[in-house]
Amino acid sequence: MKVAVLDIKGKETGRKADLSDAVFGIEPNEHAIYLDVKQYLAHQRQGTHKAKERAEIAGSTRKIKKQKGTGTARAGSIKSPVFRGGGRIFGPRPRNYTLKMNKNVKRLARKSAFSIKSKEKAIIVLEDFSFEAPKTKDFIAVLKSLGLENKKSLIVLGDSNNNVYLSSRNLERSEVVTNSELSTYKILNANNIVLLEGSLEGIEANLNK
């Protein structure tokens, strides 16, 4: 699939990038996408939630009233979950939310996500660029020239570029990643994917293993 390469002013350079059909033109596998997104979201959870149960509450274990004759339910401890300040019944405990997933399924999910964006005409190929210094104003100018200033965008770099990354860090709707940091969730969460020319080879190499 041929896509015109644009410059940072949004104009065609006259060159065309060849996007591999094996990555950008497959039949999307929705179940693989579901599994990969589920794993990504699960891994965002710290799993450090904890509530004290009755054995962990600080307090006396003295029986607070006699067993019979009070007209109310029997009670053995102030730490009982039915009393205010008592332990919680079956409270949350620390746990690990990580999920195992095969590499081939993850690759299939990312290729499926790219193919969906390709069918939606939501992929832009941009020539490689850099900034002399981190400047959000310059990065916003690039987004405006591409018509993405009010849309969620994902810019994919070939190699780490600190000036471009720092220029985008303050923008809520835009994210900059390298081709090795791509995830199915990030691809699908963006309205448009901007691929720098230098990232194409790395993306296709990673997903065609």
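The values are calculated or read from the model by the stated rules, or taken from the named source; none is laboratory data. Predicted, not measured: the structure shown is a model, and the values here were computed from it. Note that we place each Cβ from the backbone using ideal geometry, even for glycine, and neighbour counts take in every protein chain shown. Ligands, DNA and RNA are stripped out before the accessible areas are found, and what is left, the full protein with its side chains, is counted by its heavy atoms. Shrake-Rupley method; radii C 1.70, N 1.55, O 1.52, S 1.80 Å.
Structure data summary
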{"read-out": "Cβ-based net charge around ASN206, under 9 Å, with every Lys or Arg adding one and every Asp or Glu removing one", "value": "+2"}
{"read-out": "Check: region 105-197 dipole with +1 on Lys, Arg Cβ and -1 on Asp, Glu Cβ, in debye", "value": "560"}
{"read-out": "With every protein chain in place, the chain: carbon and sulfur % of accessible area (1.4 Å)", "value": "48"}
{"read-out": "Calculated over the chain: convex hull of Cα atoms, volume per residue (Å³)", "value": "186"}
{"read-out": "Positive-pole candidate from MET101, PHE90, VAL176, dipole of region 45-178, charges at beta carbon", "value": "PHE90"}
{"read-out": "Per residue accessible area of the chain, 1.4 Å probe, in Å²", "value": "63"}
{"read-out": "Centre separation in Å (Cα based) which lies between region 169-209 and region 1-66", "value": "14"}
{"read-out": "Rg/Rg_ref, region 101-209, where Rg_ref = 2.2 N^0.38 Å and atoms are Cα", "value": "1.04"}
{"read-out": "Furthest towards positive pole of dipole, GLY71, HIS43, SER60, structure part region 36-85, Cβ charges", "value": "GLY71"}
{"read-out": "Estimated dipole of the chain in Debye, rounded to 20 [Cβ of Lys and Arg +1, of Asp and Glu -1, Cα centre]", "value": "2620"}
